[in-house]
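Let me give you the structure first, and then I'll get to my questions.
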Amino acid sequence: MPQTLGLFTSCRLATMVPGDAPYGLIDDGAMVVGEGRIVWIGARGDLPAAHAHLPQHDLGGRLVTPGLIDCHTHLVHGGNRAAEFEQRLNGATYEQIARAGGGIMSTVTATRAAGEDDLLASALPRVDAAIAEGVSVIEVKSGYGLDRDTELRMLRVARRIAQIRAVVVRTSFLGAHAVPSEYAGRADAYLEEICLPTLRAAHAEGLVDAVDGFCEGIAFSVPQMQRVFSLAAELGLPVKLHAEQLSNLGGAALAAAHGALSADHLEYLDEAGCRSMAAAGTVAVILPGAFYTLREVQAPPVALLRSHGVPMAVATDMNPGSSPMSSLLLAMNMACTLFRMTPAEALAGVTVHAARALGLPGRGTLAVGSVADLAVWDCDHPAELAYRIGYNPLWRRIIGGVM
Ligand code: DI6
Ligand code: FE
């Protein structure tokens, strides 16, 4: 729908354009938006006379950032695992719970049992929590079906979210998330008979934007992930990977060798893996919610990633087991407090670098040509976004330049 030009004034702009001032900050900014995109942006005093008489929106001196991007979630799933949380706090171990059919398989069971409408209904409050914090793009993975019908159903639900909420959804096929109990001890057979054919089917239905996997001792090995990535390449789909979360299997180097958009978690990443990621331009997605929930002790090597110039994104990993967290603002705070990222890195991690982790040019920064999806905050300075805990200063989102 064509839109007339509009002018936003009286705002502090955190453009997040790399290389500029910290946060790409413009103190007294102005922004001209048309057709859903930014047409002009800069200091108010530099506004060209041609734009000065456009209809004006006064933002009351508030802070404007790009709409936030949560680039790693498992938000479509059945049930929850609060009972297991309670069991663990009453002394049961994760292994005991898993052996009793709990853990990830309990979510698989609940997800398989849920119809498409039920899955959608249970996902929406989580989506709405993200939107309420200024999120305008959210990634959603499959991976709790582990059979053809349920994997496809999860991805259809993800697509439906974008039809009923003002949010962009990017899907990742995560059939290689876990080996389902009916294939216990037969991971290769699961890949051959279920995972790979389901990826083809999901792609044929237009349900897949990227291909993901869980490369870990308890999940899939490097050679197994290689098979999944080969099919992704054949289908022309970009890849990403849960890598080095609980141990170092060399997953990050594998991902980088396949030109991955991102490698995610990375607590056990070593310098060689870091170099491979830097050379390939693969984004490191930092997920403090899982680290916190699992009470991990080895933090991802943030200083190493920084020194090698690997772009770092930050995401919630919103999932019912290892990261039952929907707050991207809290993820930013945790990335700073637990991992010593700076507030500027945390904000870049949920904007410009998150966009890159999803392969979305034209998002995550405020620049001429960028999509005018904005978050407007009752804040003076962008460091406030990562600083507070459990406090949401969002004033409103502006989607496609529309107030
Ligand atoms: N890494 C994780 O921590 C989660 N998935 C993954 O690939 C675990 C998901 C769950 O416990 O449900
Ligand atoms: Fe995950």
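Filter the stretch 162-174 down to residues that are among the hydrophobic types (A, V, I, L, M, F, W, C) and crowded, with 21+ Cβ neighbours inside 10 Å, then give me how many there are.
Of the residues in that region, 3 qualify.
Then there is this: Checking A256 against (1) within 16 Å of ligand 1 (Cβ to nearest atom); (2) crowded, with 22+ Cβ neighbours inside 10 Å; (3) among the hydrophobic types (A, V, I, L, M, F, W, C): exactly one of these is not met. Which one?
(1)
Let me ask you something else. Are there any pairs, at least 6 apart or on different chains, whose C-beta atoms fall under 6 Å, with the first in the stretch 130-154 and touching a residue at least 24 places away in the same chain (Cβ under 8 Å) and on the phi < 0 side of the Ramachandran plot and the second within 15 Å of ligand 2 (Cβ to nearest atom) and of a type in the set (D, E, K, R), and if so, which?
From residues that are touching a residue at least 24 places away in the same chain (Cβ under 8 Å) and on the phi < 0 side of the Ramachandran plot, the pairs are A130/D70; V135/D70; I138/D70; E139/R170; K141/D212.
If Y391 satisfies every condition in (1) under 17 Å from the mean Cα position of the chain (by Cα); (2) at negative phi but one, which is the exception?
(1)
Look through Y94, Y144 and report the one residue that is more than 15 Å from ligand 2 (Cβ to nearest atom), surrounded by 15 or more Cβ atoms within 10 Å (Cβ to Cβ) and of a type in the set (F, W, Y).
Sole residue among the options that is more than 15 Å from ligand 2 (Cβ to nearest atom), surrounded by 15 or more Cβ atoms within 10 Å (Cβ to Cβ) and of a type in the set (F, W, Y): Y94.
When the residues of the stretch 175-207 are filtered to those that are assigned to a loop (DSSP other than H, G, I, E, B) and surrounded by 18 or more Cβ atoms within 10 Å (Cβ to Cβ), which remaining residue is nearest to ligand 1 (Cβ to nearest atom)?
H177
Would a scan of the stretch 38-49 turn up a residue that is crowded, with 20+ Cβ neighbours inside 10 Å, outside any strand (DSSP E or B) and of a type in the set (V, I, T)?
Looking through the stretch 38-49, none of the residues is crowded, with 20+ Cβ neighbours inside 10 Å, outside any strand (DSSP E or B) and of a type in the set (V, I, T).
Yes or no, residue by residue, for (1) surrounded by fewer than 16 Cβ atoms within 10 Å (Cβ to Cβ); (2) under 30 Å from T365 (Cβ atoms); (3) of a type in the set (D, E, K, R):
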{"position": "L63", "(1), (2), (3)": "no, yes, no"}
{"position": "D70", "(1), (2), (3)": "no, yes, yes"}
{"position": "H74", "(1), (2), (3)": "no, yes, no"}
{"position": "Q87", "(1), (2), (3)": "no, no, no"}
{"position": "I104", "(1), (2), (3)": "no, no, no"}
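Could I ask something else about it? Looking at A52, A21, which one is more than 16 Å from ligand 1 (Cβ to nearest atom), over 23 Å from L146 (Cβ atoms), modelled with pLDDT under 95 and under 27 Å from the mean Cα position of the chain (by Cα)?
Exactly one of A52, A21 is more than 16 Å from ligand 1 (Cβ to nearest atom), over 23 Å from L146 (Cβ atoms), modelled with pLDDT under 95 and under 27 Å from the mean Cα position of the chain (by Cα), namely A21.
What about R396, is it modelled with pLDDT of 95 or more, more than 30 Å from E84 (Cβ to Cβ), assigned to a loop (DSSP other than H, G, I, E, B) and among the basic types (K, R)? Even if it seems obvious, please write down each step before you answer.
Values: modelled with pLDDT of 95 or more: yes; more than 30 Å from E84 (Cβ to Cβ): yes; assigned to a loop (DSSP other than H, G, I, E, B): no; among the basic types (K, R): yes.
Criteria not met by R396.
Out of (1) closer than 21 Å to I164 by Cα; (2) not in a loop (DSSP other than H, G, I, E, B), the odd one out for H72 is which?
Failed condition: (2).
Between S136, S122, which is polar (S, T, N, Q) and surrounded by 22 or more Cβ atoms within 10 Å (Cβ to Cβ)? Full working, then the answer.
Numbers: S122 fails: surrounded by 22 or more Cβ atoms within 10 Å (Cβ to Cβ).
One residue alone meets the criteria, S136.
Could you list, in sequence order, the residues of the stretch 319-340 that are away from ligand 1 (no atom under 16 Å from the Cβ) and either within 13 Å of the chain's Cα centre (by Cα) or of a type in the set (K, R) (or both)?
Once the filter is applied, which keeps residues that are away from ligand 1 (no atom under 16 Å from the Cβ) and either within 13 Å of the chain's Cα centre (by Cα) or of a type in the set (K, R) (or both), the stretch 319-340 yields S327, L328, L329, M332, R340.
Pick out, from the stretch 271-357, the helices (runs of 4 or more DSSP H) lying fully within it that include 3 or more residues that are among the hydrophobic types (A, V, I, L, M, F, W, C).
Where helices (runs of 4 or more DSSP H) fall fully within the stretch 271-357 and carry at least 3 residues being among the hydrophobic types (A, V, I, L, M, F, W, C), they are 271-280, 302-307, 328-339, 343-349, 352-357.
A further question follows. Just to be sure I understand the filter: pairs with C-beta atoms under 6 Å, separated by 6 or more residues or on different chains, first member in the stretch 335-346 and on the phi < 0 side of the Ramachandran plot, second member modelled with pLDDT under 95 and assigned to a helix (DSSP H, G or I). Which pairs pass?
So the pair list comes out as A344/P22.
The values are calculated or read from the model by the stated rules, or taken from the named source; none is laboratory data. Treat the numbers as computed from the prediction; the structure is a model and nothing was measured. Neighbour counts are summed over all protein chains in view; Cβ atoms, including those assigned to glycine, are modelled from backbone coordinates with ideal geometry.
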